[in-house]
1. What size of dipole, in debye to the nearest 20, comes out for the chain about its Cα centre when the only charges are +1 on Lys and Arg C-beta atoms and -1 on Asp and Glu C-beta atoms?
2. So if I place +1 on the C-beta of Lys and Arg and -1 on the C-beta of Asp and Glu, and nothing else carries charge, what would the dipole magnitude of the stretch 2-89 be about its Cα centre? I want it in debye, nearest 20.
3. Return a whole-number percent for the relative contact order of the chain, with Cα pairs under 8 Å and 6 or more residues apart as the contact set.
4. Here are a few candidate values for Rg and Dmax of the Cα atoms in Å: (1) 18.9, 61; (2) 19.9, 57; (3) 16.7, 52. Which one was actually calculated from the structure I just gave you?
5. Name the aspartates and glutamates eligible as straight-distance cross-link partners of K173: C-alpha to C-alpha under 14 Å, and not fewer than 8 places from it in the same chain.
6. Can you compute the charge dipole magnitude of the stretch 106-213 about its Cα centre, using +1 on each Lys and Arg Cβ and -1 on each Asp and Glu Cβ, nothing else charged? Give it in debye, rounded to the nearest 20.
7. Order the peptides 189-195, 99-105 from the highest to the lowest mean number of other Cβ atoms within 10 Å of their residues.
8. In Å and whole numbers, how far do the C-alpha atoms of the stretch 26-99 stretch along each principal axis, longest first?
Amino acid sequence: MDNYINNIVLASPKQLLERFQKSKTDYDTEFHIIVADRYNNRYSGFFIKYDPEIKMVLLTDKEREISFIDTDSIVNISIYDFAKHERFLLGQEPIKLVSPFKADDIETSVTLIKSALNNTYGLDFNFTIDEVSAENTDKIKAILEVLGDTLMAVANDDFSKEYISQITDFYIKNEPRDGVRFKKTNSTILVRFNFEGELPAELQTKIENGINNVF
């Protein structure tokens, strides 16, 4: 730990914000930070975006509050859970993991997910997906990859597995609404997403929260 701390790359608030933005854009990294300004104000939240042209940074607590902060006034930035960001603090690129459910087509991705869940945890789910046009295939594949990763993580916990084992079906439904939304109906989890829309930022976090919140 001492060697790690001693090797942290120093950066000004502006440089940190630039690096937060790059890491979030390239790797969808989530940073929970505290920003202090010269007027003794403190803002805590998750980094959303930084615009160097208008000199503003956006933070949110994900529930009720969004903060727009003038970056010229920032004097200090603190990072929560710094151990999660060791490579970032050392000035290194994150290691981007490839989902084991990444495939060339939707059907293969579904097959990989079903096989992994059944062989590893004895879970057998049916997956139904509304018709997908060729131009929207990559978006549905991205949702499936994260959904598969999330279900494997949930099933790895005995307590969570007990709840997820009550589910028999996942239905990815094309619905004109923002973001990715989840609803449990009897033994089916409905995943609602506008196939023509854009994938939401922090897709992994939204799917993880969606699965956890339906129980």
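Coordinate-derived values only; no laboratory data. In this text the structure is predicted, and so the values were computed from the model without any measurement. Positions of Cβ are backbone-derived with ideal geometry, glycine not excepted, and every protein chain shown enters the neighbour counts.
1. Working: 25 positive and 36 negative charges, 86 e Å.
With only Lys, Arg, Asp and Glu charged at Cβ, the dipole is about 420 debye.
2. Details: 12 positive and 15 negative charges, 17 e Å.
The calculation lands at about 80 debye.
3. Working: 289 pairs, mean separation 29.7, N = 215.
It rounds to 14 percent for the chain.
4. (2)
5. D130, E131, E196
6. Numbers: 11 positive and 18 negative charges, 57 e Å.
Roughly 280 debye for the stretch 106-213.
7. Values: 189-195: 19.9, 99-105: 15.0.
With the highest mean Cβ count within 10 Å placed first, the list reads 189-195, 99-105.
8. 41, 26, 26
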